[in-house]
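Since the structure comes first, as structure tokens, the remarks are kept for the end.
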Amino acid sequence: MSTITTQDGAQIFYKDWGTGPVVVFSHGWPLSADSWEAQMLFLAGHGYRCIAHDRRGHGRSTRTWQGNDMDGYADDLAQLIETLDLEDAVLVGFSVGGGEVARYAGPGGTGHGCGSVCRR
């Protein structure tokens, strides 16, 4: 099982399939990374590296009393991207996952302020 440990000690589970340009998926409420399997299988079979994580409090990730807000979710996404050393990743999200991606990538967020594509 692949996990990262966040700065506050939460374990974040993730799937990492395929090779090539990177697509990072953020799931909706109250799902898990499993909700992206069809898209991940298709894209991984067509030359992409696909990564999806279980947000804290969801799926196989740690249930915590803190960090369960957009800032915390965006921080976890930033730590996943940093830990996996991802560059030029396309970020995809829906529902809460869309908010997580927007908070990470947008101005004032924890990411690189780069819109829908992460560039370091």
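The values are calculated or read from the model by the stated rules, or taken from the named source; none is laboratory data. Predicted model, so just to flag it, every value in this text is computed and none were measured. Virtual Cβ from ideal backbone geometry, glycine too; neighbours counted across all protein chains shown.
Any idea which residue in the stretch 93-117 is modelled with the lowest pLDDT, counting only those that are closer than 25 Å to residue 9 by Cα and of a type in the set (A, V, I, L, M)? Selected residue: 105. Among the conditions (1) over 18 Å from residue 22 (Cβ atoms); (2) modelled with pLDDT under 95, residue 61 misses just one, which is (2).
Just give me the residues in the stretch 1-26 being over 13 Å from residue 61 (Cα atoms) and buried (at least 20 other Cβ atoms within 10 Å of the Cβ), in sequence order. If the condition is that a residue be over 13 Å from residue 61 (Cα atoms) and buried (at least 20 other Cβ atoms within 10 Å of the Cβ), then 22, 23, 24, 25, 26 are the ones that fit.
Among the criteria (1) surrounded by 21 or more Cβ atoms within 10 Å (Cβ to Cβ); (2) without any contact (Cβ under 8 Å) to a residue 12 or more places away in the chain, the one residue 57 does not fulfil is (1). Taking the stretch 1-30 as the range and being in contact with an Asp or Glu (Cβ under 9 Å, 6 or more places away or on another chain) and of a type in the set (A, V, I, L, M) as the test, the residues that pass are 4, 10, 12, 22. If you go through the stretch 54-74 and keep only what is on the phi < 0 side of the Ramachandran plot, in contact with an Asp or Glu (Cβ under 9 Å, 6 or more places away or on another chain) and not aromatic (Phe, Trp, Tyr), you end up with 54, 55, 56, 60, 61, 64, 66, 70, 72, 74.
I'd like the full set of residues that are of a type outside the set (Lys, Arg) and assigned to a strand (DSSP E or B), limited to the stretch 11-31. Those that are of a type outside the set (Lys, Arg) and assigned to a strand (DSSP E or B): 11, 12, 13, 14, 16, 17, 22, 23, 24, 25, 26.
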